[in-house]
Structure formats: C-alpha cells, structure tokens
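Structure first, commentary second.
The values are calculated or read from the model by the stated rules, or taken from the named source; none is laboratory data. Not measured: the values here are computed from a predicted model. Heads up, the Cβs are rebuilt from the backbone with ideal geometry, glycines too, and the neighbour counts pull from every protein chain shown.
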Amino acid sequence: MHERYDTETCLVEWYDGAEIPEDIPVRKLLERLEVEVNMVASVSENYTAAWRNLTPPYALEFLRRRDWKIAESCEWHDSIETNFNEEAPAFLSVMRLVATEVQTIVDEAKTLKFDFLIEEARQRWFRSTALGRRGFDDPFESKLCRSAFVKMLDFALKVRLRKFEARATGALYTAQTTEQIEQIRRSLHAHETAYWVKNSRYDSFLPPDLTTAVPDRHCLAVTVPDEWFETFPVTFECPTVAILQQTKGDQIPVLEFASGTILVDASRVMEKIRNTDGELPVLFIGTKVCALAMHRFTSLIDAVRIDDALRDFNNQRKSLPVRDGIAQLPNGKPAKAIKRLRLFASLLDDLTLDPDYEEPVPF
C-alpha cells in the first residue's frame, strides 16, 4: 500500500501496486518552479508580483498543486521539503531581482504600438540590463542571474508579441442548456446563490458549444436577469474586493465581477478559486440564454492580493471600498448590482432541503 496526494482535495489516499515516488533533487524543483511561475505571471504580465509573493514553503506548495508527482514525492520523502527550504531562499532572491529588471522592459514594451518595434528593441534590451553590473559574491548566483534573465525576458517578449496577435474576446453566448443549468433556473434559491460546479468532458455542466472552452475545470455560475445581457457593457477583468453595506448595518466583504454588477461572498468564493491559475470561468445564466466569460485570475498575484486585503480589513489595518449595491459601469452609468451571497458547491444530487448559511445551499 502506498500514499497518494490528491491535489484537488489536499488529502492523502492509499493505493496498491505503485512504486515509491522518486526523491526529486532541489535543482529540478527550482527549474520547474522557474517555468511554472513565469507561465502564471504571463497572464497579467506582472512578473515582479508573482515572484515577490513567493516564500520557500509557498513555492513548494505551489509546485505540489501544479504537479501531482511532486506532491506524492513530498509525501514520501521528508528530505525534499527540508532541502528545498534550505536552498530556495538564495534562488528566490535572484529571481526577484531578475523579475524586477524584466518587468521594467515589459512595461516599456507595452507602450510600443507595433510588434516590429518590440523586435527592433529586443537586442538593446538584452544588452542594456543592469544585472551584468551587479556584484555577486557567489559565481553561481551571477551565472544563475544572467541565465534566468535571458530566459524570463525571452519568454515575456514572446508573450507580449502574442498579445498583439490575439483577438479581443468577450463572453460566449448560447441558447443551449443542460439539466444542471435548468435545475439552477428552477431553484427557489438562485436569486441569492452563486454555484461552484465542476465541468467534465464526461459529465458536462456546460452546454455542448461551451464545453470545449472550459474542459475539465470548475466554473462559477450565477443567474442574472435577461436585461443584464442587453444593457450592461461589462468587462471581464480580475475580480475586485470591496465591502457591501447592508441595510441593517452589516458589512460583508464581496468579490465584484463584471464591472461590479455581480457581487459574491468573498470569503466563501475565495476558498474555491484561490488556487486558480490563468482564467476563471464564470457562467451567467438568464432565462433563455447563457454567457460564459473568462476572467483573469492567478493564485500567485490576484489571490494573494485579495487575501491580503481581506486580512487587513479583518484586522482593522486597512479599509476597503464600500458599496451600496449600485455599480458604476465603464460608461459612467449606474446599475443595480446583483447580489449572490450564498455559495452552493455541489451538484451531485437534486437536494431539496432548506438552505443553510453554514452548509452548501441546495436547490
């Protein structure tokens, strides 16, 4: 019998007939960390923030979530965590320095209006970095710094060039439906509930023409009135965090989606989306039409930012923007926000019990 770490549930299982996972050298883990963090950072092109937030324990946990083989090896070999925590600080220090230099160049590249201008500036950027003029006591750190800079900058510029080619995409609309979506439409609690659901190619929550956009991933779903589709010129950026002022005087931390027109309970939803990297799918369900929008969200940047804001608010160190239930749209017009402050996190059964604030809200 052997242990297996489930990266989705964070539980360890036992199973038969498997070999003991290998003891992964720290060098390989750091190489993998470099690739994975840069991929996550490329979503928002914020390399400084992605590397700044990493500590050795958080970096190793990040790798465990990204690769179940690493998670299994860590469960079997205690030495992996010990050795990683000893060697990672120097590596992370170098990567934070590199990310700062790369971020300066990426920010300059964002100001260029044509892709050929980036190509023309590429060699100048590679030559002009201040990294070569920094002194390192350790020759290995000096070599690592230069190598990491070349790789990170090359990757970041390729991402920037792809963004020139990418077409602007909004929400995907469909009149198709599924039984699960119809359950939500019929639910007596849909007017106050957000739904956290798993979309699988074998058991799809989404309609057929949307499934390929979100293969084997969780999705946040909320009902909206039909006029929401017609009149709200929403954007689909990363959710922001604010405080909803209730009529009874209560203050509830909320995440604002779709230009602040959708409000969900921040603490409950963050428990589900915290480890999301890349894009967070949100399905808006009307009476006849659904719209799927991909919101930018990364665990290393956005989740850390929101968690820090909520922690500071709870500790009364910082205030958050206060909302009265009226959203300000990008065109300057006001709109009544749609509040979905309960969270239902299971679609396994057709539940009919009364809703409970402590338990998942049933249909």
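Summary table
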quantity: Qualifying residue in the stretch 293-300 (condition: closer than 27 Å to residue 178 by Cβ and modelled with pLDDT of 90 or more); calculated: no
quantity: Test: residue in the stretch 82-98 that is at pLDDT below 90, out of contact with any Asp or Glu (no Cβ under 7 Å at 6 or more places or on another chain) and surrounded by fewer than 20 Cβ atoms within 10 Å (Cβ to Cβ); calculated: no
quantity: Where residue 245 falls short, out of the listed (1) crowded, with 18+ Cβ neighbours inside 10 Å; (2) modelled with pLDDT of 80 or more; (3) farther than 25 Å from residue 186 by Cα; calculated: (1)
quantity: Considering residues of the stretch 14-44 that are surrounded by 15 or more Cβ atoms within 10 Å (Cβ to Cβ) and outside any helix (DSSP H, G or I) only, the residue modelled with the lowest pLDDT; calculated: 21
quantity: Criterion: farther than 14 Å from residue 255 by Cβ, hydroxyl-bearing (Ser, Thr, Tyr) and surrounded by 18 or more Cβ atoms within 10 Å (Cβ to Cβ) - qualifying residue of 298, 287, 276; calculated: 298
quantity: Qualifying position, being in contact (Cβ under 8 Å) with a residue 12 or more places away in the chain, of a type in the set (A, V, I, L, M) and in contact with a Lys or Arg (Cβ under 8 Å, 6 or more places away or on another chain), among 306, 301, 273, 243; calculated: 243
quantity: Test: residue in the stretch 223-235 that is assigned to a strand (DSSP E or B) and over 16 Å from the mean Cα position of the chain (by Cα); calculated: yes
quantity: Residue satisfying all of: in the stretch 54-68; at pLDDT below 90 and under 14 Å from the mean Cα position of the chain (by Cα); nearest to residue 160 (Cα to Cα) among these; calculated: 66
quantity: Residue match in the stretch 258-274 (condition: of a type in the set (Val, Ile, Thr) and under 17 Å from residue 172 (Cα atoms)); calculated: no
quantity: Top-ranked residue in the stretch 45-65 [being without any contact (Cβ under 8 Å) to a residue 60 or more places away in the chain and of a type in the set (Lys, Arg); ranked as surrounded by the most Cβ atoms within 10 Å (Cβ to Cβ)]; calculated: 64
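Let's see how each residue does on (1) surrounded by 15 or more Cβ atoms within 10 Å (Cβ to Cβ); (2) aliphatic (A, V, I, L, M); (3) at positive phi; (4) at pLDDT below 75:
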site	(1), (2), (3), (4)
110	no, no, no, no
114	no, no, no, yes
121	yes, yes, no, no
124	no, no, no, no
141	yes, no, no, yes
148	yes, yes, no, no
